[in-house]
Amino acid sequence: MTTLTHAQISAAKNNDLSAVSEVIRETESLVSSRARKIVGTSGPSDLVEDLTQIGRITVWQAIKTFVGDEPNQFMAHIDRAVTRAMEDARREATRPGVAPRVAKAFEDAISKAVGDPYAAERIATTDAMGRDKMSPELARAARLSWLGVDSLDRPFNAPLLGPGVNRPGSSGDSIP
């Protein structure tokens, strides 16, 4: 629910400073809660701060793209724009080496593979992905990006892929 009025939304679209300020105040809790939700509890706090700032900028930009003046539709428009921008920024920050759209498609493949990144790599190259079907090389790059960087400095018995992510054929998180 929003306290913004039709007149405030129209004024904000016409670049009225006090109306834009009111929209920013009204959306601040939405922006910060979306950032925390997208990063999750185990994510880095600096990413939450970055996504919050991206959300604030997106609110300012989304004011101009809204068609109409209905407050609830306006807030839904802002919510969609903020969520999309934050999700893309999260993918860009956490999935280096692939475009955000490729990271998003691979996340879909991960869901279809019930969390197995190696099965997701195979699924990503099939027609099950529809328009997001990847070449074998792109699917491999997406898997490597999703798994993250492994360091040669990692001790021999240290976790390989992180907690809860096992390689096929292994019984735990560490190198067999």
Condition (residue is within 20 Å of THR94 (Cα to Cα), touching a Leu at 6+ places or on another chain (Cβ under 7 Å) and among the aliphatic types (A, V, I, L, M)) applied to the stretch 137-148: is it met by at least one residue?
yes
Given ARG140, ARG131, which one is under 24 Å from THR83 (Cα atoms), among the charged types (D, E, K, R) and either under 15 Å from the mean Cα position of the chain (by Cα) or surrounded by fewer than 16 Cβ atoms within 10 Å (Cβ to Cβ) (or both)?
ARG131
Keeping to the stretch 1-38, report how many residues are more than 20 Å from THR83 (Cβ to Cβ) and of a type in the set (Val, Ile, Thr).
3
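FYI, it's all coordinate maths here, none of it is from the lab. Quick caveat: nothing in here was measured; it's all calculated off a predicted structure. Neighbour counts run over all protein chains shown; Cβ positions are idealised from the backbone, glycine included.
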